[in-house]
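Trainee: My questions all concern the structure below.
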Amino acid sequence: MTVSEQPGGRGTLMADSGRVKHDSPSSSPGPGRKKAQQSPGSKARYSVNAPGHCFRKVTLTKPTFCHHCGDFIWGIVGFVCEVCNFMSHEKCLKHARTVCSCMAPTQVQVPVAHCFGPAGQKKRFCCVCRKHLEGSSALRCEVCELHVHSDCAPFSVSDCRFCHQDGGQDIDTYQHHWREGNMSSGARCEVCRRTCSSSDILAGMRCEWCGITAHASCYIIIPPECSMGRLQNMILHPSCVRICSRNFSKMHCYRISENSHHSEMGNDHVTLKTEVMTTLKVFDGDDAAKRNQFCLVSIPRIIKNEEGVEASLRAFYIPDEPQDYELQSYSQQGLFTDDIINRNGTPDNKPIFKDTVSDSWVLRSKPKETEVVKIYSSSRKVEVTSVTVGKSSTVDSILKEVLPRIEKQVTWNLILINTAYVYLNKPCDFQTSLRQMNQTRFYIEESRNRVAQVNLLLGGFPTQLEKEEYTHLLSEHLSVKSESVSAVLFSGAVVLQISCFSEAERIYMLAKDTSISGKQLYSLVIPEIMQSKLAKGSCPLLVFVNPKSGGLKGREILYSFRKLLNPHQVFELTSGGPLPGLHTFREVPHFRILVCGGDGTVGWVLGVLESIRHKIACPEPAIGIIPLGTGNDLARVLRWGAGYSGEDPYNILLSVDEAEEVQMDRWTILLDAQEMTEDGKENGFLEPPKIVHMNNYFGLGIDAELSLDFHHAREVEPDKFNSRFHNKGVYVKVGLQKLSHTRNLHKDIRMQVDKHDVELPSIEGLIFLNIPSWGSGADLWGSDSESRFGRPRIDDGMLEVVGVTGVVHMGQVQSGMRSGIRIAQGSYIRITVNKPIPVQVDGEPWIQSPGQIIISAAGPKVCMLRKSKTKQKKQSGSLKEGRSDSPAPSDGGQ
């Protein structure tokens, strides 16, 4: 069980006149972090029913809303929590359900760390300090809906979604995973059906699996078990995924690219210094001092020692009483002495700070003879129990005290005391970090002989090698012993099944620093899908996202789908391509694929799928498309739209769920370059034959020449080609440069269709169509019926052969003024090329040498998803905008 720090937030205090504190021994004083903290003062406190909050009465100077009921606070008096800035009416104090940031970590039984990355542009509120996120310092979790300031991130609660089984756990039913605030303005409460969201404050609760929303006072009466909502059939249920994540971070397990946006406590704080205030630099332990990670605590120049400690505890969100802690000078590492304190009168007066005090301090706990330790069980059905431990306590003595209590609370028994153990993720020295000490958990569970199995995919090897050659490369470069691991081989990649955590970690890190034949290797942690636990009739969705397509839209879609689905079913194509995802789903009997990218990305996925079709249980998964490319002709034909323009990702998933499956032809092109004599006869090979696959169209001549010029321009300045508008502008520019260009293509090539010679008209370009869309949606074949040709379809086993006379003709086709020159239809085409000529397959251009080109059907048809014509019903806000961080939906891509 990995336990990470679970800190709290940053807050700013207002003028106080009286404070309200929860009367629990575990409640905390407290405030926020980055801005200098105010002294707690000595005002009177009185008890309310607020979980962990430390309220005080304030005078309101601007319009303010209650964080409990969401209503406007009329008048000039309100109550604010000094820790988390929770604002409330006086009448709402006794009804508040939201746990304070300093107490929230204690409510999480199984901590799960977050994966922070840079936040998006949409308006959000920090889940720690409850303030609006502004500027570039905001962070968001890549897996759930947690949004924080970068300086609040160290104090966030480790309550991310639990997306897989980790080794020995066996959980079949999952409860709602509630997250507060940052919902759509139209979200309605599942209980009372009233609006439960707000655009002004952090309010309302939402389940991050099924998407239902509720008020903070209503969600507690909703049954705890989660059904996964409307997308349950396409979500990969967490109980079906197993991954041994020990020694690997969540970023590694979810294959999330590391970035430079890390939350870090540092010295970029705003320092508050006035005539009566001073600022202390406080570390919460030796480790923080070494890393120079501190909090600035603003206190009066004359203050009681206990109040200074209380302000420091508040800054680190430690929900304990100040009597158990002390501040030590960082320079002297000793307790305060009489030269820096003032006894000031009677013995009742406690030491006070003066302005001569060092500005660096270390917060430490006072030594005790005994401590109270909470023991958790690995089973979520068992309540937490507490035991008192001292210097003489041992693991055995703790077990003897704890096990009888557990046996009274559950129906199962542990076999023997020595078959159980305390699972401890505890630092050796608690003085290293008080915050870490406060968040340490002790777990007790049955001792099992667990068999570790870590699946690593290593890629970047040379292709088309034999098994012995791959084994030799693994042994030579990574020191992998063949007897210690089992391997699954692919062309250019190897999947290792390793039964030792340390060995898996060694290979994982070493592969990232290894190159073979000048090519960098990559390594990925691959989850295991337990096919036997998949629900009957389920059809999980495998998502591939090309983040380089569509400018920044690819990155936003990747983030949205990780939240809406299980992140283990969302794969980034820049990390190993389609192979990791297809290998992960190899044993799933029925699944669908969603490709987010251009037509080239779709062809990439289809190509890899074809190469490993014999190794997966579902050889023909249906494929849907989110168009992120420039032309997107295949997406247009399948009704997914001309391009992604900010549609709601949740509605897209609903469309994929309701889409119909259709068959599509796929073609193999054999390019056999040979030297040609003057009379057109072959005279030996120029280069080895090349085989490519075609999904959309294949062009020769002027069409391919324009694509080639565009390709060269993109290689020179790739950063400029990040929008469809700019890309099409470049196409127009290179087209205008070819206006005076003439090429007698019909004199340079000869063509046979179904073994019949076809005479070519005077043309500059020849195009072979598999789909009725070309050049960003143009109908090159035309809609007019003709007796000698059949109506084109994507599954008719026929290619349409069309000619164009030049750039002007292509422009007229693009504008819909005319169509191309119909030449032939056929299923087997042979072309003889006499001179080097530009060619392009699905937008990928090159110069082809003279020789033979043969086009034929590529085995079985592929299964695609075509968007249903029926108009999607508008989804409620609780299941739509509140679940994604994407722009509002528009036309649905139709």
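Condition check ((1) at pLDDT 80 or above; (2) surrounded by fewer than 18 Cβ atoms within 10 Å (Cβ to Cβ)) across all residues:
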position: 295; (1), (2): yes, no
position: 299; (1), (2): no, no
position: 302; (1), (2): no, yes
position: 309; (1), (2): yes, no
position: 314; (1), (2): no, no
position: 322; (1), (2): yes, no
position: 333; (1), (2): no, yes
position: 339; (1), (2): no, yes
position: 342; (1), (2): no, yes
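Trainee: Turning to a different aspect of this structure: What are the residues in region 790-812 that are in a strand (DSSP E or B) and charged (D, E, K, R), if any?
Mentor: Correct list: 800 only.
Trainee: Just for region 813-841: of the residues that are outside any strand (DSSP E or B) and closer than 16 Å to residue 779 by Cα, which one is most open to solvent (accessible area, probe 1.4 Å)?
Mentor: Only one residue tops the list, namely 817.
Trainee: Out of curiosity, is residue 634 assigned to a helix (DSSP H, G or I), under 16 Å from residue 774 (Cβ atoms) and either outside the structural domain of residue 853 (by the TED database) or modelled with pLDDT of 95 or more (or both)?
Mentor: yes
Trainee: Could you tell me whether any residue of region 255-268 is at pLDDT 80 or above, under 30 Å from residue 541 (Cβ atoms), within 21 Å of the chain's Cα centre (by Cα) and assigned to a helix (DSSP H, G or I)?
Mentor: Within region 255-268, none of the residues are at pLDDT 80 or above, under 30 Å from residue 541 (Cβ atoms), within 21 Å of the chain's Cα centre (by Cα) and assigned to a helix (DSSP H, G or I).
Trainee: So residue 356 clears everything in (1) at pLDDT 50 or above; (2) open to solvent by 70 Å² or more (accessible area, probe 1.4 Å); (3) polar (S, T, N, Q) except one condition, right? Which one?
Mentor: If we test residue 356 against (1) at pLDDT 50 or above; (2) open to solvent by 70 Å² or more (accessible area, probe 1.4 Å); (3) polar (S, T, N, Q), just (1) comes out false.
Trainee: While we're on this one: Filter region 553-605 for residues that are among the polar types (S, T, N, Q), surrounded by 22 or more Cβ atoms within 10 Å (Cβ to Cβ) and either in the same structural domain as residue 774 (by the TED database) or in contact with a strand residue (DSSP E or B) (Cβ under 9 Å, 6 or more places away or on another chain) (or both) and give the result.
Mentor: Across region 553-605, the qualifying residues are 566, 569, 584, 601.
Trainee: Quick one: in region 734-773, of everything that is modelled with pLDDT of 65 or more and open to solvent by 90 Å² or more (accessible area, probe 1.4 Å), which residue is farthest from residue 794 (Cα to Cα)?
Mentor: Checked region 734-773; the qualifying residue farthest from residue 794 (Cα to Cα) is 747.
Trainee: Identify, by number, the condition in (1) modelled with pLDDT of 85 or more; (2) out of contact with any His (no Cβ under 9 Å at 6 or more places or on another chain) that residue 428 doesn't meet.
Mentor: Status for residue 428: all satisfied but (1).
Trainee: Would you please name the residue that is surrounded by the fewest Cβ atoms within 10 Å (Cβ to Cβ), looking only at residues in region 199-231 that are touching a residue at least 60 places away in the same chain (Cβ under 8 Å) and not in a loop (DSSP other than H, G, I, E, B)?
Mentor: Looking at residues that are touching a residue at least 60 places away in the same chain (Cβ under 8 Å) and not in a loop (DSSP other than H, G, I, E, B), I get 220.
Trainee: Test residue 381 against the stated conditions and say whether it is surrounded by 12 or more Cβ atoms within 10 Å (Cβ to Cβ), basic (Lys, Arg) and at pLDDT below 75.
Mentor: Taking the combined requirement at face value, the residue does not satisfy it.
Trainee: Of all residues in region 185-221, which are over 28 Å from residue 237 (Cβ atoms) and charged (D, E, K, R)?
Mentor: Hits for region 185-221 are 193, 194, 200.
Trainee: Another question, then. Among the residues of region 637-673 satisfying the criterion of being in a loop (DSSP other than H, G, I, E, B) and aromatic (Phe, Trp, Tyr), which is modelled with the lowest pLDDT?
Mentor: 644
Trainee: Quick one: count up the residues across region 94-152 that are part of a loop (DSSP other than H, G, I, E, B), of a type in the set (S, T, N, Q) and either surrounded by fewer than 24 Cβ atoms within 10 Å (Cβ to Cβ) or out of contact with any Phe, Trp or Tyr (no Cβ under 8 Å at 6 or more places or on another chain) (or both).
Mentor: 3
Trainee: Same structure again: Would you pick out the residues in region 775-795 that are over 14 Å from residue 822 (Cα atoms), of a type outside the set (A, V, I, L, M) and open to solvent by less than 50 Å² (accessible area, probe 1.4 Å)?
Mentor: Hits for region 775-795 are 775, 776, 777.
Trainee: Given the structure, is residue 186 surrounded by fewer than 19 Cβ atoms within 10 Å (Cβ to Cβ), modelled with pLDDT under 90 and on the phi > 0 side of the Ramachandran plot?
Mentor: Spelling it out, it is not the case that residue 186 is surrounded by fewer than 19 Cβ atoms within 10 Å (Cβ to Cβ), modelled with pLDDT under 90 and on the phi > 0 side of the Ramachandran plot.
Trainee: Moving on to the next point. Filtering region 606-644 down to residues that are of a type in the set (Ser, Thr, Tyr) and crowded, with 18+ Cβ neighbours inside 10 Å, which residue is nearest to the chain's Cα centre (by Cα)?
Mentor: Once the filter is applied, the top-ranked residue is 644.
Trainee: Of these, 549, 523, 502, 538, which one is assigned to a helix (DSSP H, G or I) and of a type in the set (S, T, N, Q)?
Mentor: 502
The values are calculated or read from the model by the stated rules, or taken from the named source; none is laboratory data. No experiment lies behind these values; they were computed from the predicted model shown. Please note: Cβ atoms are built from the backbone with ideal geometry, for glycine as well, and neighbour counts cover all protein chains shown. For the accessible areas, the whole protein counts, side chains as well, though only heavy atoms, and no ligand, DNA or RNA atoms are used. Shrake-Rupley method; radii C 1.70, N 1.55, O 1.52, S 1.80 Å.
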